[in-house]
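Data first, discussion second: the structure below is written as structure tokens.
The values are calculated or read from the model by the stated rules, or taken from the named source; none is laboratory data. All figures in this text were calculated on a predicted structure; none of them were measured in a lab. Note that we place each Cβ from the backbone using ideal geometry, even for glycine, and neighbour counts take in every protein chain shown. Protein only, heavy atoms only, side chains kept; ligands, DNA and RNA dropped before computing areas. Shrake-Rupley method; radii C 1.70, N 1.55, O 1.52, S 1.80 Å.
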Amino acid sequence: MTNHLTEDYLVEKPAITWFKEIGYSDIHGSKLIPDNGERESYRHCVLKKRFIEAIKRINPWITDTLAEEAYKKVIDFDHPDFVIKGKNFYELLTNGLRITVREGKEERTRIVKLIDFENIENNEFLVANQFKVEYQYEKGLYRIPDLVMFINGLPIAVFELKSFNAEETAKDAFLDHQRKIKDIPQLYLYSQIIVASDGYETKYGSPTSDWERFFVWEGISSDDDLKVVEIAEGFYKYLHNGKELTSLEVLIKGLFNKEHLLEFINDFIFYEKVGENYEKKIAAYHQFYAVKKAVERTLECVLKGTKPEERRIGVVWHTQGSGKSLTMLFYARKVLKLKELENPLLLFITDRKNLDEQLYSLFSQMPIAKQAESIKDLQETIKNMAGGIVFATIQKFGKAKAEEYPLLTERKNIIVIADEAHRSQYRELAQNLRKAIPNASFMGFTATPIELQDRDTYLVFGEPISIYTMDKALRHRVIVTIYYEARLVELHLTNEFIDEEFEEISESLEPELKENLKRKYARLESLILNPERIEKIAKDIVDHFNKRTQELEGKGMIVVISRKVAVELYNAIKKIPGAPSVEIIMSGNKQRDPEEFHPHIRNKDEMEQILSNFKDPEKDPKLVIVVDMLLTGFDVPALHTMYFDKPMKNHNLVQAIARVNRVFKDKPGGLIVDYIGIADDLRKSLSKYTLEAIKHILTDINQVINTLKENYDVVSSMFYGLDYKNWKFLKPEERAQLTVSAYNILKDDEQKQSFIKNYLALKKNYALASPHPETIKIKDDIRFFEMIKKMIVKYSIGTKREISRELEYEISQLISKSISAEEPVDILSLLKKDKPDISVLNEDFLSQITNLAQKNYTADLLMKLIKDELKVKFRINPIRYKSLYERLQKLIERYNVKIITTVDVINELIEIAKEIKKKLEEGKELDLTEEELAFYDMLLREGVFKNKEEIIYVAKEIKKQLGYFVKIVDWNKKESLRARIKVAIKEILAKVLEKRVEYEKINQITSEIYDHIETLYAA
């Protein structure tokens, strides 16, 4: 087959087969049409007939009239906001819709279930390929998604697929979704999941997710039942019970398993209120499987546990930045629904007020969530609250005196969930809680690695339920790597704190310990407040951050030991010319605090506004100074640099530095800049963790520098013998010869791909390490290599797919404009500067190009130019140029597999260029423009005209009549204009053909001509 194994053959068909293997029915989209009674129109996306059949099956009491009413409610969402409409539909999907039923003289409300979540097989699961949907706001225009998955006639998931051997990647499939969401939002309104795949890489998200929030799915029945093998850098194969699966097959058989899918829809989608808006959040695979396992263990512990050790549910350890709070919410929602637990009470415990606030704010959309205000309030709640969710800090449990812990209840359906469960306070908590609620079950969540000798965590909460490690999260691009750099080493105060067990001053400390801790802090604070030290650090931060943000857009955070230090550092930064915008984020009281603190003490609204601005990449401040605030649970994805001048150790340090590991656009990593000496001895700063865990927590920036040098050596060695160092100072003609010579050195596709791969690695490490002196040394070389990369992307045809894949995660959005904006000057750009209209069909131009010494460049350039020329010509006149287009495709294939020499390729390309010119000349001989010639060729093959003069007349008349219509903006979107064009074509044909042909034939020719007109002139 000449069309190179299409998406349909390579990706759609296997996907449909996998759906059928898990019990889905399949149908071609061409059968799901209004004419077959499947739906009301092409604009409607709900399969009405199937929907009504399903709800009558699930709700046997419903009449035909009520079923029709239910259908109308499902298709009519009158709200201007796409997210709100999606939220409204999701509520109907999971909770059912309300319908008023008359019974005798009474009216009552009944719930119509749209999905039977209890009885899976009572639902219809259908997958359709090539499902045609009309634009929501424009008549006669259509989009055709590759696959749509329906439950009970509702389009629940949409797939965009690219074939293994196409030039496009999963990211291109995602971009296809983005275009279709604009044109056919009525389909995506119902879609809970959208999938983008190219066969190698498969990701899923929600219709409102950005690409960086699309996830991989790794698991069929569990999160640990696949063996993942890296086959090349960034590429993996999956083994399940010894059988190799593709990423798309894993997703279909894992997430789209009927039981899993219904569970996912019901329990793992959440609309979070953010300000005045909502954000749709859906679970990643590790969250889904962790919650499933936790729920199973919860049932076991609550229903069967008779001793404390049998009521330990376990620990969920999901690394920082992988969505722990959301996992807790999914768990809570699911557990509260369990009938077997008879309305359980969930008690969420944190050890910090700000964590308690953050967690409660996430859960506060649930009316059954309550925050305990005091010890007494907590005790009363536990005693009297039937079921629901309670939030409390560990300090609400007071001191460890037995008499303060009376028996509150002997209920068994109480579950205690501790956030950051590895902390030592929880050992004491467990003892106290065992006295107050002796039959409760215990569960822990943590985002930091369980500490080295910490068996107590498991003794209190049980064995691990699910582990999602940092290396997995990095592989899945859920987080980015954190690097550290020591600066101003002579100012480090390592010896002052490294052997001390500094922790936060906590409410739980005994007064004597608190005073001792304060004395230690005061001594250290006085050293930090040395004016000369403050000034040096302020200057270094300003210099470093300004240079860093020249190369990598983003935000920064400075962490200091006290509010006094924060104010002094702020004042020092503000005095420096060109300093970035900076604010202090701290709590305080204007009645009690010194006057110099007052400008930085804000009320609740002011604080919310400044935090909102800091989260926004486009707004000021660019830098904030903090003491304790924002170091846990506060996400600023654009934050890429943190400056530490505060002693921190172990889990406090691990939690704080994780602020920079959030994914944002193409952010390559986060950087920790150390001014106090945290990184001077990581074994002591992270003494409670294994060496393996430390390696994943922080990476020395010097490792990046070493890799940067290796990358640079590899890339620069590719151009050995070429003097490119002074490229900036060359005249345009000289620069053009230089870039073309550099391009020509990369002789084949393999070398070009190798250059792209190594250069992108160099570029990433350059961005990570900036503004290190080593990066400054090679900045101009990076700009030169960027030009060569752009030439390869522009001219290479053979390696298009491989290059697209390499470029998929290129740092391009955030990196310095001085690099990303560098456009190559090559011979073509110079020629076009003198003659903008120059064409590959011009003999002088062909002669100039073919006489170049750089034959590899010549071949690629000619191939690119001829392919572009033929693409345009083929679009205008497919009949005339089809054979040439196919000839070029075959030549490209032969060139790619090296069965033809570069010289032979150039010769054959010249022949193709001459053929194109010849075909154009034929049109000129007939006195026809290119568009008229296209109509001429179409009409010629019909065989209904007496002579070519008749055909020439009709072709010219059609073009003439079109002149007025196609100049009107959006003419093809106006039904009246489209009808008038068709009438005009029919009249021209009827006038010439008279009564020689049947009316049906004229209709057929009109239809073909009109379709071609839309291709030619529609925007």
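I'd like to know if region 446-467 contains one or more residues that are among the hydroxyl-bearing types (Ser, Thr, Tyr), at pLDDT below 80, open to solvent by 20 Å² or more (accessible area, probe 1.4 Å) and more than 32 Å from the chain's Cα centre (by Cα). Yes, that holds for at least one residue.
Table: residues versus (1) surrounded by 15 or more Cβ atoms within 10 Å (Cβ to Cβ); (2) closer than 26 Å to Ile269 by Cβ; (3) out of contact with any Asp or Glu (no Cβ under 9 Å at 6 or more places or on another chain); (4) hydrophobic (A, V, I, L, M, F, W, C).
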position	(1), (2), (3), (4)
Pro14	yes, no, no, no
Ser25	no, yes, no, no
Val46	yes, yes, no, yes
Gly86	yes, yes, yes, no
Gly104	no, no, yes, no
Asn123	yes, yes, no, no
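When the residues of region 864-890 are narrowed to those that are touching a Leu at 6+ places or on another chain (Cβ under 7 Å) and among the hydrophobic types (A, V, I, L, M, F, W, C), which ends up farthest from Glu911 (Cα to Cα)? The qualifying residue farthest from Glu911 (Cα to Cα) is Ile876. Listed by first and then second residue, the pairs linking a residue in region 849-871 that is farther than 15 Å from Gln889 by Cα to a residue that is open to solvent by 30 Å² or more (accessible area, probe 1.4 Å) and part of a loop (DSSP other than H, G, I, E, B), with Cβ atoms under 7 Å apart and 6 or more places separating them unless they lie on different chains, are Asn856/Lys747. Looking at region 137-202, the strands (runs of 3 or more DSSP E) lying wholly inside it that each contain 2 or more residues that are within 20 Å of the chain's Cα centre (by Cα) sit at 154-161, 193-197. Among residues belonging to region 972-982 that are over 15 Å from Asp1011 (Cβ atoms) and touching a residue at least 40 places away in the same chain (Cβ under 8 Å), point out the one that is surrounded by the fewest Cβ atoms within 10 Å (Cβ to Cβ). Restricting to residues being over 15 Å from Asp1011 (Cβ atoms) and touching a residue at least 40 places away in the same chain (Cβ under 8 Å), the top hit is Glu975.
Within region 986-1003, being surrounded by fewer than 14 Cβ atoms within 10 Å (Cβ to Cβ) and under 18 Å from Tyr936 (Cβ atoms) holds for one residue alone: Lys991. More than 25 Å from Pro155 (Cβ to Cβ), at pLDDT 90 or above and of a type outside the set (S, T, N, Q): is that true of Lys243 in this structure? Here the answer is yes, as Lys243 does meet what is asked. On inspection, Ile58 passes the criterion of being open to solvent by less than 80 Å² (accessible area, probe 1.4 Å), at pLDDT 95 or above, over 28 Å from Val195 (Cα atoms) and over 33 Å from the mean Cα position of the chain (by Cα). In this entry, Val565 is excluded by the filter for residues that are buried (at least 22 other Cβ atoms within 10 Å of the Cβ) and in contact (Cβ under 8 Å) with a residue 40 or more places away in the chain. Anything in region 224-244 that is in contact with a strand residue (DSSP E or B) (Cβ under 6 Å, 6 or more places away or on another chain) and outside any strand (DSSP E or B)? List them, or say none. Hit for region 224-244 is Leu226, nothing else. Of the residues in region 709-718, not one is under 29 Å from Leu865 (Cβ atoms), out of contact with any Asp or Glu (no Cβ under 6 Å at 6 or more places or on another chain), in contact (Cβ under 8 Å) with a residue 60 or more places away in the chain and open to solvent by 40 Å² or more (accessible area, probe 1.4 Å).
Taking the listed residues Glu69, Glu118, Glu40, the one that is free of Cβ contacts under 8 Å to residues at least 40 places away in the same chain, in a loop (DSSP other than H, G, I, E, B) and within 17 Å of Gly153 (Cα to Cα) is Glu40, with no other qualifying. Taken over region 138-184, the criterion of being among the hydroxyl-bearing types (Ser, Thr, Tyr) and surrounded by 18 or more Cβ atoms within 10 Å (Cβ to Cβ) is satisfied by Ser163, Thr169.
Thr100 meets each of the listed conditions (1) of a type outside the set (A, V, I, L, M, F, W, C); (2) open to solvent by 10 Å² or more (accessible area, probe 1.4 Å); (3) modelled with pLDDT of 95 or more apart from (3). Given the condition at pLDDT 85 or above, in a helix (DSSP H, G or I) and either of a type in the set (Val, Ile, Thr) or over 45 Å from the mean Cα position of the chain (by Cα) (or both), answer yes or no: does some residue in region 963-979 qualify? Checking region 963-979: not a single residue is at pLDDT 85 or above, in a helix (DSSP H, G or I) and either of a type in the set (Val, Ile, Thr) or over 45 Å from the mean Cα position of the chain (by Cα) (or both). Here is a check on your reading of the model: is Lys757 open to solvent by 50 Å² or more (accessible area, probe 1.4 Å) and either modelled with pLDDT under 80 or under 23 Å from Asp700 (Cα atoms) (or both)? No; evaluated as a whole, the condition is false for this residue.
Filtered by the rule that a residue be open to solvent by less than 80 Å² (accessible area, probe 1.4 Å), part of a helix (DSSP H, G or I) and in contact with a helix residue (DSSP H, G or I) (Cβ under 8 Å, 6 or more places away or on another chain), region 72-84 gives Val74, Phe82.
Going through (1) in contact with a helix residue (DSSP H, G or I) (Cβ under 6 Å, 6 or more places away or on another chain); (2) over 16 Å from Leu187 (Cβ atoms) one by one, Asn95 falls short only on (1). Take the residues in region 185-233 that are among the charged types (D, E, K, R) and out of contact with any Ser or Thr (no Cβ under 9 Å at 6 or more places or on another chain); name whichever of them is surrounded by the most Cβ atoms within 10 Å (Cβ to Cβ). Step by step, filter region 185-233, then rank; the result is Glu212.
Matching residues to (1) open to solvent by 10 Å² or more (accessible area, probe 1.4 Å); (2) modelled with pLDDT of 80 or more; (3) part of a strand (DSSP E or B):
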position: Glu340; (1), (2), (3): yes, yes, no
position: Leu347; (1), (2), (3): no, yes, yes
position: Asn354; (1), (2), (3): yes, no, no
position: Gln358; (1), (2), (3): yes, no, no
position: Ser361; (1), (2), (3): yes, no, no
position: Lys370; (1), (2), (3): yes, yes, yes
position: Ile382; (1), (2), (3): no, yes, no
position: Val390; (1), (2), (3): no, yes, yes
position: Gln395; (1), (2), (3): yes, no, no
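Is one or more of the residues making up region 307-318 among the β-branched types (Val, Ile, Thr), modelled with pLDDT under 95 and in a loop (DSSP other than H, G, I, E, B)? No, that holds for no residue.
Scanning region 848-873 for residues that are of a type outside the set (Lys, Arg), modelled with pLDDT of 80 or more and surrounded by fewer than 17 Cβ atoms within 10 Å (Cβ to Cβ) returns Asp868, Val872.
Considering Lys924, Lys946, the condition of being surrounded by fewer than 16 Cβ atoms within 10 Å (Cβ to Cβ), over 50 Å from the mean Cα position of the chain (by Cα), modelled with pLDDT under 90 and assigned to a helix (DSSP H, G or I) is satisfied by Lys924 alone. You will find that of Phe597, Phe634, Phe614, the residue that is under 25 Å from the mean Cα position of the chain (by Cα), assigned to a helix (DSSP H, G or I), among the hydrophobic types (A, V, I, L, M, F, W, C) and crowded, with 16+ Cβ neighbours inside 10 Å is Phe614 and no other.
Restricting Tyr521, Tyr570 to residues that are open to solvent by 20 Å² or more (accessible area, probe 1.4 Å), more than 38 Å from the chain's Cα centre (by Cα) and among the hydroxyl-bearing types (Ser, Thr, Tyr) narrows the list to Tyr521.
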